[in-house]
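Single-structure report; data block below.
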Amino acid sequence: MLKIRTWLMNQSLARKLTGMSLAAGQPAIVIAAILIMAYDGTSSRQRLVRDTGMLAEVVASNSTAALAFGDAQAAQETLRAVAVNEHIVWAAVFLNDGTLFARYDRSLAGKGADAAVANSRGSRSAPTGPSALPADADAVRRHAARETFVQDALLVTRPIILVKDPIGTVFVQSDLTDLRSRAIRFGTIIGLVLFATFWLALFLAYRLQRIISSPILRLTNVTDQVTVGRRYDLRAEKSGEDEIGRLIDGFNGMLSEIQNRDALLTQQKNQLEQTVELRTSELRHSNTDLMLARDRAMEASRAKSEFLANMSHEIRTPMNGIIGMTELALDTDVNREQRDYLETVKASADSLLAILNEILDFSKIESRKLEFESIPFSIRELVANMVKPLAVKADQKGVELLYDFDPGVPAAIVGDPIRLQQVLTNLIGNAIKFTPHGHVLLEVREDARQEGSTTLHFQVSDTGIGIPADKHATIFEAFNQVDGSTTRRFGGTGLGLTISSTLVQMMGGRIWVESELGAGSAFHFTAGFDTTEIVMPEAPEAPLLVDLPVLIVDDNSVNRRILHTQLTRWHAQPTAVDCGHAAIDALSTAATAGRPFRLVLLDVNMPDLDGFQVAEQIGARPELSGSTIMMLSSSGHHGETSRCRELGVSAYLTKPVPAEDLHAAICRVLDRESKVSTETRPVRRSTGLATRPLRVLLAEDNVVNQRVAVGMLARRGHVVTVANNGIEALAALDRQGFDVVLMDVQMPEMGGLEATTAIRDRERATGAHVRIVAMTAHAMKGDRERCLASGMDDYLSKPIDPAKLYATLELESTVTGPSASAEGPTRSAVPIDRDELMERLGHDEPLVVEVIQLFLADCPKRVDAIKAAVDRGDAEAIRTTAHALKGAAANLSATGLHEAARSLEEMSAESGPEAAQAAWRQLAIEAERVMEFLRTLEKSLAAELSATSRHW
Ligand code: ADP
């Protein structure tokens, strides 16, 4: 049903209207036809009844006489009259008793039998014929006038009346063929009429529905075009003022409205497009302006970087002079006040250089010229070396500098050690700067390890002034400081954290701070490194340390924690106490319990009882004296070592002590338990003589720099020839051979790069190769590459650091230099091995003092004698005088002087006066250094002798 309904609904409007018209008209026609047929059938039957009845009545009245007279023949004749009606199939006359009197049978007519009567009178036998009498026997008997339709016949009976009395009955049977054929005919005509009217109706309905559907279809058509083609200018055609006409009017009205709005919209769109075009062209203009401005800014930035590089050069050149000259002046015999001044100059110049470096780094970051190296290094070694100078600074403020490595931190990593050190130095330097008392602690642990790489987490915490929460983010911005006022207590550029933060980002990590005002700060940063298979030296196995009872005495809780953790890692059994009194108590208790502490790690700087006093008390109580004492000092003050010796302290270490160093020192001390040993770790300056004097050609135009470089090199025992520019350098190289050329890059007439290219060109013919080391105040990206590309072997940036200078010059010369030869034992950086001297003289201080005084009186004479022999060119005299000095130097453990004298002694006549002069200069310098050292030693020993009568 639903399907039919849906099907109907989906039909076109024309079909629906046509269908509806047919559905409304056709049933009426069909009903009318049926009614007409019914009416016609009824009236035909009535007519048949009437005709047959009249015929029967005629027969009845005509048969009265025949019946009254019993004349069957006459009755027969009368009956034969019915033959006119072709539909009468049978007719009969019955007597009142039902006896057949006469009959007519159409089927027998013409065969002579139609008047057959069984007995002419009174025969009671039933007539034979096709129609059964019994069907109307009742009517016959009762002389009723009756019409009865049976299956295919009409039976009519009429009484035969004689003077009001019935004397018989006429029976007529008519067939119904007439009725049937009429019905068929009529039905056919009706059918034809119906058929014709159906098609007519269909035709008319179809034609008429168009009156309604056509305007609607036109409307639909227009709607489709409007929908698909957005043709709001189209209008539907109206065909009348009916509802559809009104609908079309409404639709057209809507279209007009839409068309108007569309026109308005198009107009507005056009206006908008014009506005956008206008704005775009304005934007294009301003973009062009901006690009020009950007190009100008980039140009300005490049100019700024260049300016910074040049300024750096300009500032570094005089700085080189200031720092170098100050160092040289400090090496001379200056009085206390002058030394004070000079040291202040040096410190100021150093901090000026640090600021300069920060600004240069910042400009490199700004101009994206910062480069990163990727080399394997030991992070522990890096930190150990880095904290030494910082520890001195911390100690000057009374702040303790500590550090701790988690054992999980890999031994060797690959990255840029210089940049990592820069970040750590900045954070620790800041922490020291902003911590008036307490401690600064660096902790290193591993955050994550992947195949071939590691992420390390560094934390620098302090007990300083802290940072307010609202400044936590801004301090990482350039030039930002918590206290930005002009009256601030702490100096600084405000660039350190910005640089650190960039460096950390470049190392694939992040930096952040946790801090509260007045409650210290903790700076954290992470950094990613590759790991390497390079095996770094590990702490030796130390069975001696296993289960060793150790007493840690330190007032600083963090330090106690670190030492405790380290000793626990080494399987010792540490106990930590926080003051001298507690230490004495712990030692007595352990001794009484029969398990004395084998080792005491004693902090020097403690309130109440300091480390020395504790050591003294231990020494004074024999029951406690079995322990080995190691002193840990953060100050490294002059005189502490000797106090340690006096007190029988086995080792003296300067904090912060690298874990490996502490481990090694403990092992050494325990190993030589019976001996008294000391371990000193002062920060030394590498001012010893070189293992072999080099012939150095210094190409440098600046006189101050010449003076500094010559001073540094001569102090190291090298022979220097100065050239003022590249041309002079080439000439000098033509005249004589050199082991190394120190080449300034910027020089008048011929710069370092051109000179180097010229030297290398010439060498191509001879196959020789002189080592050329660049010296430049430029510190920008690409300088090094440019120098190396021109043929230089190495690169030093100004101001020249003596240690770097010596390392760079001497490193390779001992291997590849043209005059390389097998050398004697390496000389010490200090002129005399004090320990060895003391040992040699049995730690007899008065004797040591006496020997020193003798040497001081004797040495200048011997040096003068050698000088005279050298000047005379008297090889034999040189040999004997040098030999004598060599012996004296050996007695004093002055290995450097001993070596210098030996090389003079071994110098033959062929060596030439120049070599002899050079060797003498070296010897004279070394002799001066030895005497200087001995004078100081003599003074300190004399003072100690007068202060105490104790011997050690
Ligand atoms: P600088 O130290 O040269 O001023 P930095 O960028 O290194 O510049 O530091 C920026 C500021 O952050 C410092 O001026 C200081 O105010 C604050 N700051 C840095 N470290 C600490 C610290 N450990 N404790 C307190 N304040 C700190």
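See the values below:
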read-out	value
Region 76-101, residues that are of a type in the set (Ser, Thr, Tyr) and in a loop (DSSP other than H, G, I, E, B)	99
Residue ID - surrounded by the fewest Cβ atoms within 10 Å (Cβ to Cβ), chosen from residues in region 224-251 that are farther than 22 Å from residue 264 by Cβ and of a type in the set (Val, Ile, Thr)	228
One residue from 510, 419, 489 being modelled with pLDDT under 90, more than 11 Å from the ligand (Cβ to nearest atom) and either basic (Lys, Arg) or within 22 Å of the chain's Cα centre (by Cα) (or both)	419
Qualifying residue in region 457-467 (condition: under 18 Å from residue 404 (Cα atoms), within 13 Å of the ligand (Cβ to nearest atom) and acidic (Asp, Glu))	yes
Pair list, Cβ under 6 Å, 6 or more apart: region 431-443 residue free of Cβ contacts under 8 Å to residues at least 60 places away in the same chain and farther than 20 Å from residue 405 by Cα, other residue part of a loop (DSSP other than H, G, I, E, B) and small (Gly, Ala, Ser)	437/398
Residue check for residue 737: surrounded by 23 or more Cβ atoms within 10 Å (Cβ to Cβ) and part of a loop (DSSP other than H, G, I, E, B)	no
Residues being within 12 Å of the ligand (Cβ to nearest atom) and outside any strand (DSSP E or B) - total across region 433-444	4
The one condition in (1) loosely packed, with under 15 Cβ neighbours inside 10 Å; (2) within 14 Å of the ligand (Cβ to nearest atom); (3) closer than 15 Å to residue 503 by Cβ that residue 373 fails to fulfil	(2)
Matching residues, region 880-910, being touching a residue at least 60 places away in the same chain (Cβ under 8 Å) and over 15 Å from residue 929 (Cβ atoms)	902
Residue match in region 175-191 (condition: touching a Leu at 6+ places or on another chain (Cβ under 9 Å) and closer than 30 Å to residue 71 by Cα)	yes
Lone qualifier among 577, 600, 553, 657 - being under 27 Å from residue 392 (Cα atoms) and touching a Gly at 6+ places or on another chain (Cβ under 9 Å)	553
Selected residue (criterion: modelled with the highest pLDDT) from residues of region 349-368 that are of a type in the set (Gly, Ala, Ser) and away from the ligand (no atom under 16 Å from the Cβ)	349
Any hit, region 728-735, residues being modelled with pLDDT under 85 and of a type in the set (A, V, I, L, M, F, W, C)	no
Cβ-Cβ under 7 Å pairs, at least 6 apart or on other chains, region 792-810 side in contact (Cβ under 8 Å) with a residue 24 or more places away in the chain and more than 26 Å from residue 758 (Cα to Cα), far side small (Gly, Ala, Ser) and in a helix (DSSP H, G or I)	799/324
Sole residue being at pLDDT 90 or above, within 7 Å of the ligand (Cβ to nearest atom) and either under 22 Å from residue 387 (Cβ atoms) or outside any helix (DSSP H, G or I) (or both), chosen from 430, 480	430
Those residues of region 444-460 which are in contact (Cβ under 8 Å) with a residue 40 or more places away in the chain and of a type in the set (S, T, N, Q), in sequence order	453, 454, 455, 459
Filtered residues of region 318-365 (kept if of a type in the set (A, V, I, L, M) and farther than 30 Å from residue 499 by Cα)	325, 328, 329, 330, 334, 342
Residue count, region 1-47 (criterion: over 21 Å from residue 217 (Cβ atoms) and assigned to a loop (DSSP other than H, G, I, E, B))	1
First in region 732-756 and more than 16 Å from residue 768 (Cα to Cα), second anywhere and charged (D, E, K, R) and in a strand (DSSP E or B), Cβ under 7 Å, 6 or more apart	752/744
Any chance residue 519 is small (Gly, Ala, Ser), more than 16 Å from the ligand (Cβ to nearest atom) and more than 30 Å from residue 450 (Cα to Cα)	no
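The values are calculated or read from the model by the stated rules, or taken from the named source; none is laboratory data. Predicted model only: the values in this text are computed from it and were never measured. Positions of Cβ are backbone-derived with ideal geometry, glycine not excepted, and every protein chain shown enters the neighbour counts.
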